[in-house]
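Asks: What follows is a single structure, and I will ask about it in a moment.
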Amino acid sequence: MPGSHPGRSRKFQKPLLVFFSAKRSGPARRMDSLVDHLARKERDRLRVVRVDVEEDPKTASRFRVRKVPTLVLVKNRRTVARVEGRAKAADIEELLEPYLPANRTESKTARSQ
């Protein structure tokens, strides 16, 4: 399968959160630490990539980014969710949760009950 990792099934790959920003965008700069925190917190369940729309306008165009900041969630090579403009952590986490695989600790706890 082109573009996939050997020994890895596509359905088990982590979803990808793409953070579109620009150095000159105040709202995007204010979301930087939030996206960093989310990337650390969900590192086992989510991949996070940053794209500067001024440095990579082709990628921004491909994802139809019209406003900065924009978050785009990609799962199985399809855009499944997006947030345009500044957003709060709780709103982003609520948007992501249906698309993220279950935490291993959560599934172990559920099995033991």
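Rule-based calculations on the coordinates, nothing more; no lab input. Predicted model, so just to flag it, every value in this text is computed and none were measured. Don't worry about glycine lacking a Cβ; one is built from the backbone with ideal geometry, like all the others, and counts go over all protein chains shown.
Asks: I need the full set of residues from segment 69-87 which are of a type in the set (D, E, K, R), in a loop (DSSP other than H, G, I, E, B) and closer than 25 Å to S33 by Cβ, in order please.
Replies: Passing the criteria: only R86.
Asks: Also, quick follow-up: Within the bounds of segment 22-35, is there any residue that is in contact with a helix residue (DSSP H, G or I) (Cβ under 7 Å, 6 or more places away or on another chain) and surrounded by 15 or more Cβ atoms within 10 Å (Cβ to Cβ)?
Replies: Taking every residue of segment 22-35 in turn, at least one turns out to be in contact with a helix residue (DSSP H, G or I) (Cβ under 7 Å, 6 or more places away or on another chain) and surrounded by 15 or more Cβ atoms within 10 Å (Cβ to Cβ).
Asks: What number of residues within segment 39-68 satisfy the criterion of being under 15 Å from E97 (Cα atoms) and outside any helix (DSSP H, G or I)?
Replies: Adding up the residues that qualify gives 7.
Asks: Pairs under 7 Å by beta carbon, first residue within 28 Å of S61 (Cβ to Cβ) in segment 79-103, partner hydroxyl-bearing (S, T, Y) and assigned to a helix (DSSP H, G or I), six or more apart or different chains?
Replies: Hits for this filter: V80/Y99; A81/Y99.
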